[in-house]
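The values are calculated or read from the model by the stated rules, or taken from the named source; none is laboratory data. Predicted, not measured: the structure shown is a model, and the values here were computed from it. Virtual Cβ from ideal backbone geometry, glycine too; neighbours counted across all protein chains shown.
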Amino acid sequence: MNDGNALLHLLQPLAPDFVPDWAVVLTVAIIGVSIVIAIVGLIALAGTWAERKVSAHIQCRYGPMYVGGWHGWAQALADGIKLISKEDMIPIGADRKLFMLAPSILLGAVFAALCAMPLAPAFYFGYIDLGVFMILAFSSLTTIGVVMAGWASNSKWSLYGAMREAAQVVAYEIPLGITLLAPLLVVGTFNLVEASNAQADYFGMGWLAFKNPFVLVSSVIFFIAVLAETKRAPFDLPEAESELVAGFLTEYSGIRWSLFFMEEYAAMFLMSAVTAFFFFGGFESPFSYLAMQSFGDGIVYQLVCFLTLVVKGSFGIFMMMWLRWTLPRLRIDQVMTMGYKYLTPLALICVLGAGIWEAIKHAVS
Amino acid sequence: MSEQTKDYKPSITIADQQAAANNGAREFMMDVRTTDLEVNMGPQHPATHGVMRILIRADGELVTGAQPHLGYLHRCAEKIGENVEWLQYLPYTDRYDYLAAMNNNLGYSLAVEALLGIEIPRRATMLRTICVELNRIASHLVAFGTYGLDLGAFTPFLYCFREREWLLMLFEKICGARLTYSYLRIGGVFNDAPPGWLEEVANFCDVFDEKWVEYRDLLMMNHIFIKRTADVGVITPEQALDFGLTGPMVRGSGIDWDLRRDMPYMIYDEIWKAGAFQVPLGSGAQGQLGDCWDRVYVRVQEMVESIKIVRWCLANIAEGPTIAELPKVLRVPPGEAYVGIENPRGELGHYLVSDGGKIAVRCRVRGPSFCNLPILEDIMPHTFLADSVAIIGSTDVVIGETDR
């Protein structure tokens, strides 16, 4: 079961004999993609609702309270319906093809990246040995979508947003990639499932961030770089509401606009999950340890692992929201300074330190 | 069309290129046109707090020129003042600086009273002072909150509005309106404070003393906020005097000028002599003297000083009538008067000329926002685009007043 697709393994024995193999694979692929799309949709719905509630409670307000009854849980759903039913507007003078393509590229990149993320130790769409590479590669593709949107909008504000995004992402991809090397040195695998399994010791608390002090430091750097990568405050310069009207989103409306938001929340969850996988235990927690001890690696363990990941991802998103509603925005030169002058050297030091620490640990034991 | 685009002439035309190609020139020169990017910040832009338009010339993120354009909210207030009766004009004064309507009422009333030469009952003066200072707090709360908003910090804005809401409720109790009060009339105030109002004001003062510390710690001393505002948009003391800035704009540059103390009206000289308030000045604590941080911090400190003034008035309030006896149809003796008062944004001056009739001959308003605005053109070039937002925010313009 250590290769290929967990869904395929589940469904292949159920298929009748006369069905050709490629049809089974295709069906499985369609089911898998539907699951990912459903996850993205759910994350976006829950994310927008949570963002509004969290910001409201930080600001002494209630936030949505009416739609759907309990604490306005259906507000995001109602908003979605409203956005879908709005007129699809493309400004005169915009590059129509690019304008329409941009949100799809963003969303497609995040879908692809999410496909590489396992949902439970035995439930994944691909047991990818270079899983984290695939996630990073696809999530940096989103930049192209943003630049495309900014250029195609034929608006100066949008162009500003796109240029800022390009500059910012180039600056922060470097520390993002380098800091990830520190935990990779410790765990010795790019595979997300294996990385998670390697953190199961100490009652499920053998998290990489606690095994090596340099990894703990790099987790902070990684999180800051993730904020910049996902365009969240204080690095939300591409949108920069009060400066650039809405940055690259200025000319977008209706369903296309909402696609950008789906991408944003999906990317937030994805990057929080990656943080969890390589710094904070992945699926492993005392709860999953207990489930493993009591029920073995059956369905209960898988479910607990899935919930652990959801909780860790949500906590990451909560941290991002908390920061967004607390801090002012940085200026573009300060963003660049921080990325190139402080985070990148610090990330390199962390990798070096983590390596030396591991070497000493190895020599001692 | 601006100068730059109008005079644009391609240095090398297509014909030149073709000629060069025909002559066998190997180098093919592209005619790349490089000019500064011209963007209109406004009239519909979140940073301009209304319908002001600033034409920004930018080289990438760097602003190389800025030109404010006004007039989108012009309502001929001064001309109306020369066509309606003295008292009828009062509600129009609410509309200049709609965040500080009490102050506007006061400025106009004082100017008319100067022409009339009447005595205002002491209780009315006290109530006026309380309302004006509370309104100053409400106005500075908006200025401070929206400044955070300009820099991307949303939460302090809501905290400011929480306190402002309380103030508006107090105003609603005393005069029935939340924004355009028309409470300060010629000769005094419209009515006495309702029972329990003064106690509630005292209660507000006590709560506010705790709250303003919250603003200072959450936003003013925030590292990112200081990074964004210190050394940005520096107005030197000389510049401040040259441009005739008033209010927190000039005090932020370290010039000790406050009309409440230096050209006292109402009972401010009495309050000053009692030592009830100080005039906060910019000190360059986080960067240079006269930067955005200084100006904003002056506003935050002024709120505390206003609380002190309100406290003094509450302690010394007198009993008695709240409006002077005036005829139903007001005829103002011939003459002219200028009264300048310290509005939250600077000196609000009213210059009135009367020929003894029911209507003013000339009604001229010197609006602080309007007079504080031209400095933008001088301090905005050679900053970043994000800084220009910080600078506009720190001048704290209210478009209702720049255009009137």
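Scanning region A:290-324 for residues that are within 14 Å of another protein chain (Cβ to nearest Cβ) and surrounded by fewer than 19 Cβ atoms within 10 Å (Cβ to Cβ) gives A:Trp322, A:Leu323. In region A:72-103, the residue that is nearest to the other protein chains (Cβ to nearest Cβ) out of those that are surrounded by 15 or more Cβ atoms within 10 Å (Cβ to Cβ) and of a type outside the set (A, V, I, L, M, F, W, C) is A:Pro91.
May I ask you to verify whether B:Ile271 is surrounded by 21 or more Cβ atoms within 10 Å (Cβ to Cβ) and under 17 Å from the mean Cα position of the chain (by Cα)?
Working: surrounded by 21 or more Cβ atoms within 10 Å (Cβ to Cβ): yes; under 17 Å from the mean Cα position of the chain (by Cα): no.
In short, no.
Going by the conditions given, is A:Ser158 more than 25 Å from A:Ala354 (Cα to Cα), over 15 Å from the mean Cα position of the chain (by Cα), within 14 Å of chain B (Cβ to nearest Cβ) and of a type outside the set (A, V, I, L, M)?
Numbers: more than 25 Å from A:Ala354 (Cα to Cα): yes; over 15 Å from the mean Cα position of the chain (by Cα): yes; within 14 Å of chain B (Cβ to nearest Cβ): yes; of a type outside the set (A, V, I, L, M): yes.
Judged against the criteria, A:Ser158 is a match.
Do you know which residues across region B:252-261 are in contact with a helix residue (DSSP H, G or I) (Cβ under 6 Å, 6 or more places away or on another chain) and in a helix (DSSP H, G or I)?
The initial filter retains those residues of region B:252-261 that are in contact with a helix residue (DSSP H, G or I) (Cβ under 6 Å, 6 or more places away or on another chain), namely B:252-255, B:257, B:260-261.
Once the filter is applied, which keeps residues that are in contact with a helix residue (DSSP H, G or I) (Cβ under 6 Å, 6 or more places away or on another chain) and in a helix (DSSP H, G or I), region B:252-261 yields B:Arg260, B:Arg261.
For (1) under 30 Å from A:Leu323 (Cα atoms); (2) not aliphatic (A, V, I, L, M), each residue gets a yes or a no:
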site: B:Phe154; (1), (2): yes, yes
site: B:Ala177; (1), (2): no, no
site: B:Thr180; (1), (2): no, yes
site: B:Val234; (1), (2): yes, no
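In this structure, A:Val54 does not satisfy being touching a helix residue (DSSP H, G or I) at 6+ places or on another chain (Cβ under 6 Å) and away from chain B (no Cβ under 14 Å).
Of the residues making up region A:195-217, those that are buried (at least 18 other Cβ atoms within 10 Å of the Cβ) and of a type outside the set (A, V, I, L, M) number 7. Listed by position, the helices (runs of 4 or more DSSP H) contained in region B:139-251 that have at least 2 residues being buried (at least 19 other Cβ atoms within 10 Å of the Cβ) and more than 11 Å from chain A (Cβ to nearest Cβ) are B:155-175, B:197-215, B:248-251.
Going by the structure shown, is A:Leu244 within 14 Å of chain B (Cβ to nearest Cβ), in contact with a helix residue (DSSP H, G or I) (Cβ under 9 Å, 6 or more places away or on another chain) and closer than 14 Å to A:Thr143 by Cα?
On the way: within 14 Å of chain B (Cβ to nearest Cβ): yes; in contact with a helix residue (DSSP H, G or I) (Cβ under 9 Å, 6 or more places away or on another chain): yes; closer than 14 Å to A:Thr143 by Cα: no.
No: the conditions fail for A:Leu244.
Is there a residue in region A:332-351 that is among the acidic types (Asp, Glu) and within 14 Å of chain B (Cβ to nearest Cβ)? Taking every residue of region A:332-351 in turn, at least one turns out to be among the acidic types (Asp, Glu) and within 14 Å of chain B (Cβ to nearest Cβ).
When region B:383-395 is examined, which residues are found to be among the hydroxyl-bearing types (Ser, Thr, Tyr) and within 14 Å of chain A (Cβ to nearest Cβ)?
As a first pass, look at region B:383-395 and keep what is among the hydroxyl-bearing types (Ser, Thr, Tyr): B:383, B:388, B:394-395.
Result: B:Thr383, B:Ser388, B:Ser394.
Among the numbered conditions (1) more than 15 Å from the chain's Cα centre (by Cα); (2) among the aliphatic types (A, V, I, L, M); (3) within 13 Å of chain A (Cβ to nearest Cβ), the only one that B:Met380 does not meet is (3). When the test is whether a residue is within 14 Å of chain B (Cβ to nearest Cβ), surrounded by 14 or more Cβ atoms within 10 Å (Cβ to Cβ) and in a loop (DSSP other than H, G, I, E, B), A:Gly68 does not pass it. Going residue by residue through region B:313-324, is there one that turns out to be of a type in the set (Ser, Thr, Tyr) and surrounded by fewer than 21 Cβ atoms within 10 Å (Cβ to Cβ)? For region B:313-324, residues of a type in the set (Ser, Thr, Tyr) and surrounded by fewer than 21 Cβ atoms within 10 Å (Cβ to Cβ): absent.
Taking the conditions exactly as written (out of contact with any Gly (no Cβ under 8 Å at 6 or more places or on another chain), away from chain A (no Cβ under 14 Å) and of a type outside the set (Gly, Ala, Ser)), does B:Val398 satisfy them or not? Judged against the criteria, B:Val398 is not a match. Could you go through region B:298-310 and let me know if any residue there is away from chain A (no Cβ under 14 Å) and hydroxyl-bearing (Ser, Thr, Tyr). Looking for residues that are away from chain A (no Cβ under 14 Å) and hydroxyl-bearing (Ser, Thr, Tyr), one finds at least one in region B:298-310, hence yes. Quick check on A:Ile35: is it on the phi < 0 side of the Ramachandran plot, loosely packed, with under 15 Cβ neighbours inside 10 Å and not hydroxyl-bearing (Ser, Thr, Tyr)? It is false that A:Ile35 is on the phi < 0 side of the Ramachandran plot, loosely packed, with under 15 Cβ neighbours inside 10 Å and not hydroxyl-bearing (Ser, Thr, Tyr). Of all the numbered requirements in (1) at pLDDT 90 or above; (2) not in a helix (DSSP H, G or I), A:Thr189 misses one, and that requirement is (1).
Kindly indicate the residue of region A:215-260 that is aromatic (Phe, Trp, Tyr) and part of a loop (DSSP other than H, G, I, E, B) and also nearest to A:Val169 (Cα to Cα) among those meeting that condition. The selected residue is A:Phe235.
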